[in-house]
Amino acid sequence: MPKIPNRAEKPNGEINCIHESIMHLAVPIGPLIPDPMNARLHPDRSIKSITESLLAYGQRKPIVVRKQTNIVVAGNGLLESAKELGWTKIAAAVQEMTDAEAIGYGIADNRVAEMSKWDFEVVARLDKLLAEQGSMDRPG
């Protein structure tokens with residue numbers, strides 16, 4: 001798997017693997033609160049997959065955090081994986097939201113993937129391409 005060049009402890013003691021394109025969104029992990037009402041469960045297999053993806057590719061999209069409460073509205077599994085990796089910062093889109101907006105967005109973020117379908121012919125071609133490039137250890 002490709003390794004992210006900035007994955008290391010920084011001189012200031014922070015640890016993360018945030019892609020440079022979203023590094024400007026980095027916030028300390030400590031104050032962030034996993035959503036206690038998150039309806040999406042993350043069993044060990046899910047967290048392991050997210051962790052493997054972070055190790056292979058780094059963080060390439062931000063989590064979403066409600067500014068008023070520091071509660072993670074979207075990206076709870078990613079936050080858990082980053083904590084397990086010892087990260088001290090994570091890229092986050094911190095936004096003001098009403099209760100209804102936070103609840104609605106959190107549910108919508110999780111439901112959209114469930115409503116999508118896979119094109120298994122394309123998946124087979126992509127798996128073959130990865131195998132040819134020696135990258136079969138992809139997450140998931």
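The values are calculated or read from the model by the stated rules, or taken from the named source; none is laboratory data. Keep in mind the model is a prediction, meaning the values are calculated, not measured. With ideal geometry, Cβ positions are generated from the backbone for all residues, glycine too; neighbour counts draw on all protein chains shown. All accessible areas refer to the heavy atoms of the entire protein, side chains included, with ligands and DNA or RNA removed. Shrake-Rupley method; radii C 1.70, N 1.55, O 1.52, S 1.80 Å.
Among the residues of region 42-58, the ones that are in contact (Cβ under 8 Å) with a residue 24 or more places away in the chain, open to solvent by 50 Å² or more (accessible area, probe 1.4 Å) and assigned to a helix (DSSP H, G or I) come to 3 in all.
For every residue, the table says whether it meets (1) closer than 23 Å to residue 103 by Cβ; (2) over 14 Å from the mean Cα position of the chain (by Cα).
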| site | (1), (2) |
| --- | --- |
| 42 | yes, no |
| 46 | yes, no |
| 52 | no, no |
| 58 | no, no |
| 63 | yes, no |
| 67 | yes, yes |
| 73 | yes, no |
| 77 | yes, no |
| 85 | no, no |
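For region 80-116, the set of residues classified as farther than 19 Å from residue 17 by Cβ and touching a residue at least 12 places away in the same chain (Cβ under 8 Å) consists of 94, 95, 96, 97, 102, 103, 105, 106, 107, 109, 110, listed by residue number. Per this entry, residue 24 is counted among residues that are at pLDDT 60 or above, within 23 Å of residue 105 (Cβ to Cβ) and more than 14 Å from the chain's Cα centre (by Cα). Within region 47-79, the residues that satisfy the criterion of being over 13 Å from residue 16 (Cα atoms) and among the charged types (D, E, K, R) are 48, 52, 61, 66, 67. How do the pairs read when you match residues in region 59-74 that are within 9 Å of residue 35 (Cα to Cα) with residues anywhere that are among the basic types (Lys, Arg), using Cβ under 9 Å and keeping only pairs 6 or more apart or on different chains? Every condition considered, the pairs that remain are 72/66; 73/66. Before we move on, is residue 39 open to solvent by 50 Å² or more (accessible area, probe 1.4 Å), outside any helix (DSSP H, G or I) and either out of contact with any helix residue (DSSP H, G or I) (no Cβ under 9 Å at 6 or more places or on another chain) or modelled with pLDDT under 95 (or both)? Yes; evaluated as a whole, the condition is true for this residue. Out of all the residues in region 12-55, which are within 13 Å of residue 81 (Cα to Cα) and small (Gly, Ala, Ser)? Correct list: 46, 49, 53.
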